[in-house]
1. Given segment 47-135, what helices (runs of 4 or more DSSP H) lie entirely inside it while holding 2 or more residues that are open to solvent by less than 30 Å² (accessible area, probe 1.4 Å)?
2. Tally up the residues in segment 22-46 that are outside any helix (DSSP H, G or I) and either loosely packed, with under 15 Cβ neighbours inside 10 Å or β-branched (Val, Ile, Thr) (or both), please.
3. Specify which of the listed residues (Asp27, Asp38) is acidic (Asp, Glu) and at pLDDT below 85.
4. Just the residues that are within 21 Å of His32 (Cβ to Cβ), open to solvent by less than 100 Å² (accessible area, probe 1.4 Å) and without any contact (Cβ under 8 Å) to a residue 12 or more places away in the chain, please, taken from segment 1-21.
5. Take segment 53-73 and flag every residue that is of a type in the set (A, V, I, L, M, F, W, C) and in contact with a strand residue (DSSP E or B) (Cβ under 8 Å, 6 or more places away or on another chain).
Amino acid sequence: MEIARAQAGWLHRWAGLLDLPASTVSDARAHHGYIQIDPINGCGRMHELIERNRVAGYREGDRMWHLQGGDPPLAAEARVAFEHHLPSTGSLVAFGLDAWPHPLAAMGARPNRTSAWSDRLSPRQNPLGDWIRRK
């Protein structure tokens, strides 16, 4: 398929929510599928920088409120999204609840692996773990 440069530019801006921001954090997450979370705050947390420009009226902390609620946190049945670590990318992301079935198989298989998951060290890490435990 071929499209004109102007159409391609519009499509890129639409896909990134740059011309018309989403009205809620939930809408932005649904539009993008997920939002990567980065708790390190150099000049702003990654998810805050992404959503500040894509959600109308976004304020710092809205992503965490969306995921966990305030004080007290939301009960599990009241939540609309969840955080999940993607080991293959090293990323922490926020997904909507509709994505929950997808990571279940991977999470169930992790305890059976010889890796750093589920309080296990990899075969390469075991000697270092033994040394630390002796100290």
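The values are calculated or read from the model by the stated rules, or taken from the named source; none is laboratory data. No experiment lies behind these values; they were computed from the predicted model shown. Backbone-built Cβ (ideal geometry, glycine too); neighbour counts: all protein chains shown. The area values use the complete protein model at the heavy-atom level, side chains included, leaving out ligands, DNA and RNA. Shrake-Rupley method; radii C 1.70, N 1.55, O 1.52, S 1.80 Å.
1. The qualifying helices (runs of 4 or more DSSP H) are 62-68.
2. 12
3. Exactly one residue qualifies, and that residue is Asp38.
4. Of everything in segment 1-21, those that are within 21 Å of His32 (Cβ to Cβ), open to solvent by less than 100 Å² (accessible area, probe 1.4 Å) and without any contact (Cβ under 8 Å) to a residue 12 or more places away in the chain turn out to be Ala8, Gly9, Leu11, Arg13, Ala15, Asp19.
5. The answer is Val55, Ala56, Leu67.
Listed here are the residues, each with its yes/no results for (1) touching a helix residue (DSSP H, G or I) at 6+ places or on another chain (Cβ under 6 Å); (2) modelled with pLDDT of 85 or more; (3) of a type in the set (Asp, Glu).
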site	(1), (2), (3)
Leu67	no, yes, no
Gly108	no, no, no
Pro111	yes, no, no
Pro123	no, no, no
